[in-house]
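Structure record follows, encoded as structure tokens.
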Amino acid sequence: MSRLAPNRLSALQVKNLKDGELCDGGGLWVIARGSSKSWAFRFTSPITGKRREMGLGPLYTITLAAARMIATEARIMVSQLRDPIEERKTEAAALKREAGLSFQQVAELYITEQTPGWRDPRAGDTWRQSLSLNVFPIFGDAPVASISTAEVLAALRPIWATKTETATRVRGRIERILDYATSQGWRKGENPARWRGHLASILPKPSAVAKVQHHPAVERQDIARVMAALASAGGVASQAVRFTCLTAARSGEVRGAVWSEIDLSAKTWTVPGHRMKAGREHRIPLSKSALAVLEAVKPLRDPRAGDWVFPGQKRGNALSDVGMSKALHVAAGTKGVTVHGMRSTFRDWAAEETDYPRDVAEMALAHVIGDKVEAAYRRGDLFEKRRQMMDEWSRVTEGKTIQSSKAA
């Protein structure tokens, strides 16, 4: 291939080049690879002494005249002992700094800083997954300083009516990240994700569009039959469902239970605050039936593999939620019930068939007392009354007819 004297290429030569390279002189080359044609500047770096090639752009955007001008500027840099490629990188970095951190970068900083203080150690991953699915594809790469109401609505509107609970959580996460950015001086002005006084006037109330989903529960009259079927099945999942029913606990609390939380002599299960929805330690009295479940699974105890009360099929893993659901469906003979629904079965029994005060049942379910004044004065956990109630509930699940103590 022959090198031509400077500025010897014509527009026609450039246009007709099929495959190969032509030099315009002074380090400027046109390169053709099939239907693709582009400009390149080749030079010896004054910093490293190595040959380098800097792309200048495709022919359909850069004309011959424009390419010659860019090459001339690059040659001047080389003559000044500056590397054009490094200069370009420096300029790009400066532009990026001027634009500021992206929303995704700020979100990652916020999550990293906040995770140690969050009760659930998995919360950080939950935030990342939620934002990656619903927010980052919309404006994750945008400078955090430029996020406006339009971007926030673009992320929320597609899921506001169909996935309302998710959408409200996403909105709250966006708001907190933007507040964090403002506190760091990375953006100014009002928070476009704020609900009160802003998005509330644009989007319908979540309560107006959300579909209330109740957890289908085993009927009170059928609970003894289902519990008997679970007892006959005998598997770990079936025993875990029985324990869930007998303690009125959440399935996640049962699946995550470890033996160090159980005091067999005191007949008590103490769930630490970091595993509770309300973030507070919860003591649960264990009835004879609940203790029998624990005795049945005790031979499976493996302190070196998690020490789970209800271990999963894979060593070291806790029992899965799916496994519990399948066990219940088989025992009930229908997929129309949920493990969580057993809490509703217990609550209905306590309300309709006993005279236990509402607070006793609510504390058994580890619900937060709604009235702040009442909560402030009721510092106890009504443990002994709850023990009496759970003993009665245990007998009900066995199909025994009892005379409630009508506790006051």
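Values in this text are rule-based calculations from the coordinates and carry no lab data. Here the structure is a predicted model, which means the values were calculated and not measured. For neighbour counting, all protein chains shown are included, and Cβ atoms are generated from backbone atoms with ideal geometry for every residue, glycine included.
With each label modelled as a point 7 angstrom along the Cα→C-beta vector, the Val322-Trp118 pair spans 2.4 nm. Compute the Cα gyration tensor for segment 92-174, then decide on rounded, prolate or oblate, letting a ≥ b ≥ c be the square roots of its eigenvalues: rounded whenever a/c is under 1.5, prolate when a/b is larger than b/c in the other cases, and oblate in all that remain. Since a/c reaches 1.5 but b/c is at least a/b, the shape of segment 92-174 is classed as oblate.
Here the calculated FRET efficiency for Asp348 and Ala93, from their Cβ-Cβ distance with R0 = 41 Å, stands at 0.05, rounded to the nearest 0.05. Sorting the segments 235-243, 272-280, 305-313 by their residues' average number of neighbouring beta-carbon atoms within 10 angstrom, most packed first, yields 235-243, 305-313, 272-280. Close amide H pairs (under 5 Å, H built 1.01 Å from N) link Leu17 with no residue at least 5 positions away or on another chain. Once the dipole of the chain is set up with Lys and Arg at +1 and Asp and Glu at -1 on Cβ about the Cα centre, which of Cys245, Ala217, Ser325 lies farthest towards its positive end? So the residue furthest toward the plus end is Ser325. Extension gain for Arg33 to Lys267 (0.36 nm times residue separation, less C-alpha to C-alpha distance): 76.4 nm. Indicate the gyration tensor shape class of segment 11-98 (rounded, prolate or oblate), computed on the Cα atoms with a ≥ b ≥ c the square roots of the eigenvalues: a/c under 1.5 is rounded; otherwise a/b larger than b/c is prolate and the rest oblate. In terms of gyration-tensor shape, prolate. Place a point 7 Å from the Cα of Ser183 along the Cα-to-Cβ direction; which residues of segment 118-153 have their backbone N under 16 Å from it? Correct set: 118-119.
How much FRET efficiency would the formula 1/(1 + (r/R0)^6) give for Glu219 and Ser130, where r is the Cβ-Cβ distance and R0 is 45 Å, rounded to 0.05? Before the final figure, lay out the partial values.
Values: r = 36 Å, r/R0 = 0.79.
It comes to 0.80.
Please state the shape class of segment 220-397: rounded when a/c is under 1.5, otherwise prolate if a/b exceeds b/c and oblate if not, all from the C-alpha gyration tensor. Oblate shape, in that a/c is at least 1.5 and b/c is the bigger or equal ratio.
Directionally averaged projected area (segment 130-181, Cα convex hull): 3.2 nm². Here the contact order of segment 103-209, divided by its residue count and restricted to Cα pairs under 8 Å and six or more residues apart, works out to 27 percent. Residues whose amide H falls under 5 Å from that of Thr268, counting only those 5 or more places apart or on a different chain, are Asp263, Leu286, with hydrogens built in the peptide plane.
Among beta bridges identified by DSSP and lying wholly in the chain, the antiparallel ones come to about 100 percent.
Reported to the nearest whole Å, the Cα centre-to-centre distance from segment 224-270 to segment 67-84 is 75. Residues whose amide H comes within less than 5 Å of that of Asp24, counting only those at least five positions distant or on another chain, are Trp29, Val30 (H built at 1.01 Å from N in the peptide plane). Converting phi to 3J(HN,Hα) with the Karplus coefficients 6.51, -1.76 and 1.60 and the offset θ = phi - 60°, segment 258-273 yields 10, 5, 5, 7, 9, 10, 5, 5, 8, 6, 9, 10, 10, 8, x, x Hz in sequence order, with x at every glycine or proline. Straight-distance candidates among the aspartates and glutamates for linking to Lys18, with alpha-carbon spacing under 15 Å and chain neighbours fewer than 8 residues away dropped, are absent.
Straight-line cross-link partners of Lys298 among the aspartates and glutamates, defined as a Cα under 16 Å from its Cα and at least 8 positions apart when in the same chain: Glu261, Asp263, Asp307. Mean residue ellipticity at 222 nm, helices only, the chain: -14000 deg cm²/dmol; runs of at least 4 DSSP H residues each add -39,500 (n - 2.57), and the sum is divided by the number of residues.
Dividing the alpha-carbon radius of gyration of the chain by the rule-of-thumb value 2.2 N^0.38 Å gives 1.56.
A Förster radius of 25 Å combined with the Cβ-Cβ distance from Ser45 to Ala65 puts the calculated FRET efficiency at roughly 0.45. Measuring against 28 Å, Cα to Cα, the residue pairs Lys326/Lys400; Lys163/Lys335; Lys163/Lys188; Lys163/Lys277 contain Lys163/Lys188 as the ones spanning a longer distance.
Here the Gaussian network model covers the chain, with springs between Cα atoms less than 10 Å apart; of Leu81, Leu109, Leu246, Leu81 fluctuates the most.
Please work out how much length the chain gains when fully extended from Asp307 to Phe383, using 0.36 nm per residue of separation minus the C-alpha to C-alpha distance, in nm with one decimal. Before the final figure, lay out each step's value.
Values: separation 76, 0.36 × 76 = 27.36 nm, distance 2.65 nm.
Working it through step by step, the gained length comes to 24.7 nm.
Phi angles across segment 121-136 convert, under the Karplus curve 6.51 cos²θ - 1.76 cosθ + 1.60 with θ = phi - 60°, into 3J(HN,Hα) values of x, 8, 4, x, 5, 5, 4, 4, 5, 4, 5, 5, 7, 10, 10, 4 Hz, Gly and Pro given as x.
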